[in-house]
Amino acid sequence: MHSVVLSPGSPLPCDSLSVFVYRDLDGGALVREQPIFTTRAHVFQIDPSTKKNWVPASKQAVTVSYFYDVTRNSYRIISVDGAKVIINSTITPNMTFTKTSQKFGQWADSRANTVFGLGFSSEQQLTKFAEKFQEVKEAARLARDKSQEKTETSSNHSQASSVNGTDDEKASHVGPADTHLKSENDKLKIALTQSAANVKKWEVELQTLRESNARLTAALQESAASVEQWKRQFSLCREENDRLRNKIDELEEQCSEINREKERNTQLKQRIEELESEVREKETELNDLRKQSEIIPQLMSECEYVSEKLEAAERDNQNLEGKVRSLKTDIEERPPRAPGPPNCAVPVLPLLPGTFPVPTPLFP
């Protein structure tokens with residue numbers, strides 16, 4: 001704990017687990033405040049110039065604690081960032097802690113003339129802090145009521161003793177009627193004084209409530225503006241989401257069409273391969289036919305040559321047949337000759353080229 005003492009009623013800088021120490025108003029001994037609840041949050045204060053925007057009081061999450069002052073029977077919310085006190089708010093029964101979002105809450109402090117805001121890391125921490133604020137607020141109200149009762153009781157006793165002493169001194173000088181009127185007058189004066197004090201007190205509290213209401217109204221308007229802005233952003237995000245979904249549907253449809261095109265292309269490729277195979281077969285057949293067509297003229301020439309040979313042979317055969325007939329006729333007309341010697345030679349006629357031999361009868 002640091003050894004520096006601040007102004008009366010102000011806390012000393014210390015770590016989050018230490019007690020806070022301050023000088024009492026009479027400049028006497030140091031008074032210690034014990035922490036009763038501690039949490040961590042980001043601290044904000046309302047902008048004093050605009051009364052609308054939040055100004056961060058800490059660069060990071062700091063310790064925020066409830067402290068109880070035994071000597072004064074009061075409660076305070078205190079937060080220290082290093083050696084700087086960023087929250088020193090005494091809780092009164094008129095204060096109200098308001099949750100403006102799931103992780104943010106605020107309260108107005110008329111004595112500090114500002115509005116404090118706390119941003120928590122979770123909704124559970126905010127709920128615990130709000131419950132503790134309500135508990136401490138109720139304890140502060142009970143402490144105030146007890147203090148007022150003690151003040152009124154002591155005031156009534158002192159006034160009664162003063163009135164009685166005055167009556168005893170004047171009893172020997174005034175009559176019973178004057179004494180009764182004096183007593184009633186004094187009572188009316190006391191009641192009037194108390195009424196005036198109560199009126200001033202209620203005027204102060206009413207003014208405090210008005211200021212707090214104005215700050216809360218400003219904060220509520222700011223929250224409403226923020227809500228409207230978030231609504232517009234949410235609407236824009238929803239439209240963008242719908243547009244992206246439509247785009248995704250279009251892309252999925254295009255992908256489906258591409259897949260169908262791929263299937264058709266695959267089928268076409270298969271058909272092309274089949275046709276190419278048929279074309280190759282036809283080309284092979286065509287090459288065979290071309291080779292055969294190259295042989296055909298040679299075969300035709302050979303056929304023509306054979307036909308010519310055959311015709312020549314037929315002509316020679318016809319000539320030979322004519323000669324044979326003429327020889328038969330000559331033999332038939334020739335007179336018979338005497339038998340010749342055996343094994344007589346038979347004349348052999350020479351064969352013409354391209355002719356076939358024709359058997360000649362041995363005897364006519």
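The values are calculated or read from the model by the stated rules, or taken from the named source; none is laboratory data. Since we're looking at a predicted model, the values are computed, not measured. Using ideal geometry, Cβ is built from the backbone for each residue, glycine included, and neighbour counts are taken over all protein chains shown. We work out accessible area using only protein heavy atoms, side chains counted, and drop any ligands, DNA or RNA first. Shrake-Rupley method; radii C 1.70, N 1.55, O 1.52, S 1.80 Å.
Please give the number of the condition ILE258 fails out of (1) in a helix (DSSP H, G or I); (2) at pLDDT below 90.
It fails just one condition, (2).
Does PHE116 satisfy the condition of being of a type outside the set (A, V, I, L, M) and in contact (Cβ under 8 Å) with a residue 40 or more places away in the chain? Break it down stepwise before answering.
Numbers: of a type outside the set (A, V, I, L, M): yes; in contact (Cβ under 8 Å) with a residue 40 or more places away in the chain: yes.
Yes.
Looking at the structure I just gave you, is GLN106 open to solvent by 60 Å² or more (accessible area, probe 1.4 Å) and of a type outside the set (Val, Ile, Thr)? Write out each step before concluding.
Values: open to solvent by 60 Å² or more (accessible area, probe 1.4 Å): no; of a type outside the set (Val, Ile, Thr): yes.
For GLN106, the condition - open to solvent by 60 Å² or more (accessible area, probe 1.4 Å) and of a type outside the set (Val, Ile, Thr) - is not met.
Can you tell me which residue among SER49, SER7 is at pLDDT below 50 and open to solvent by 20 Å² or more (accessible area, probe 1.4 Å)? Steps first, answer last, please.
Values: SER49 fails: at pLDDT below 50.
After applying the criteria, what remains is SER7.
Where the second residue is surrounded by 12 or more Cβ atoms within 10 Å (Cβ to Cβ) and of a type in the set (A, V, I, L, M) and the first is closer than 12 Å to ARG215 by Cα and lies in segment 40-59, which pairs have Cβ atoms under 6 Å and are six or more apart or on separate chains?
These pairs meet every condition: GLN45/VAL55; GLN45/ALA57; ILE46/VAL115; ASP47/VAL55; LYS51/ALA218; LYS52/ALA218.
Considering every residue within segment 183-205, establish whether at least one is modelled with pLDDT of 80 or more, open to solvent by less than 90 Å² (accessible area, probe 1.4 Å) and basic (Lys, Arg).
No - not one qualifying residue is present in segment 183-205.
Please enumerate the residues belonging to segment 80-99 that are under 20 Å from ASP69 (Cβ atoms), polar (S, T, N, Q), open to solvent by 30 Å² or more (accessible area, probe 1.4 Å) and assigned to a strand (DSSP E or B).
Correct list: ASN88, THR90.
Report, by residue number, each residue of segment 113-143 that is surrounded by fewer than 14 Cβ atoms within 10 Å (Cβ to Cβ) and among the small types (Gly, Ala, Ser).
Scanning segment 113-143 gives SER121, SER122.
Quick one: which of GLU211, GLU239 is modelled with pLDDT of 80 or more and under 39 Å from the mean Cα position of the chain (by Cα)?
Answer to the selection: GLU239.
Scan segment 137-149 and give yes if some residue there is hydroxyl-bearing (Ser, Thr, Tyr) and modelled with pLDDT under 90, otherwise no.
Yes.
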